Each structure stands twice: as structure tokens, then as C-alpha cells.
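J.: Sharing a structure with you now.
The values are calculated or read from the model by the stated rules, or taken from the named source; none is laboratory data. All figures in this text were calculated on a predicted structure; none of them were measured in a lab. Glycine gets a Cβ as well: all are built from the backbone with ideal geometry, and neighbour counts include every protein chain shown. Note: accessible area is taken over every heavy atom of the protein model, side chains too, but ligands, DNA and RNA are not part of it. Shrake-Rupley method; radii C 1.70, N 1.55, O 1.52, S 1.80 Å.
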Amino acid sequence: QREIYNVQEGQLTVTLDGRTHTVQAGESIEIPPGSVHRFSNRSDQTVRFTADHVPALRFEEYIRLVHHTVQGKKATLPVIMRIVRIESSYPETILPPPGPPRVVSKVLSGLGRIAGYPTGEELAASIR
């Protein structure tokens, strides 16, 4: 799926296939399918942007489940394992980069399974 980030306010830093881009208010950047990418706010100012996913697939459901999981919590190992467990249910939507990050993700997902953390499908069914 293609992603398009449209910045309304501030500046968004996007790393796309190892290259860093600064996207200013009024600008956009397109992320091609399968590209390794991340985004951040490296300034002390607010950044507001939209992220269009084309086709959307199950991205909104994934984001809602992650939000439900992390809301009001710190990024502890159990929270990270829960997120990775959710991610494992959405390979068409989110996938860790190849190599060590993907291996670590699989290990954390397995540990999350052993700990009894739900997959995305299980969590979605439990909060409907």
C-alpha cells in the first residue's frame, strides 16, 4: 500500500529507505509500497499531518487497536510485546524491516503469545 503524508503544521522528518527528508507545512511526501520508512517530529514545535493509505486495507483497525493498547501507558517491554503481537495480525499493513528488526519482532511476538497477549484479531473481537 502507498502512503502519502500531508503536513499541515510544523515540519515532519521522514526517513525513507535510509534517506532523511524534512517535510514542511503545505508539503507532502509519498511512501512507495514496501519502502522501509519512519517519521518523527525532531523539532520542539507541534507537527500536524494526515497519512493517507491507498488502499487503506485494515490500517485504521490496526491503529485503533494499538491506541487502545497504549493509551495512558509507558513504553515498557510488556506494552511493546502487546503491540508486536497486534502487528503480527496485520502483515499487509505493517511489517518490520528485514534483518534483525524482523527477527526481534518475531521473538517478541512469540514471547507475547506465551505471555497470553492477544493477536489483533483476538483483541478486536474482545472490544467489539
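J.: Hey, does region 83-99 have a residue that's open to solvent by 60 Å² or more (accessible area, probe 1.4 Å), assigned to a strand (DSSP E or B) and of a type outside the set (Lys, Arg)?
T.: The answer is no; no qualifying residue exists.
J.: Now for a separate question. So if I check each of 108, 123, which one is farther than 22 Å from residue 3 by Cα, part of a helix (DSSP H, G or I) and touching a His at 6+ places or on another chain (Cβ under 9 Å)?
T.: 123
J.: While we're looking at this one, here's another question. Only one of 46, 76, 50 is open to solvent by 40 Å² or more (accessible area, probe 1.4 Å), among the β-branched types (Val, Ile, Thr), at negative phi and touching a Gly at 6+ places or on another chain (Cβ under 9 Å); which?
T.: Just one listed residue meets the conditions, 46.
J.: Here's something else I'd like to know. For region 111-120, which positions are more than 16 Å from the chain's Cα centre (by Cα), outside any helix (DSSP H, G or I) and either surrounded by fewer than 20 Cβ atoms within 10 Å (Cβ to Cβ) or modelled with pLDDT under 95 (or both)?
T.: Within region 111-120, 115, 116, 118 meet the criteria.
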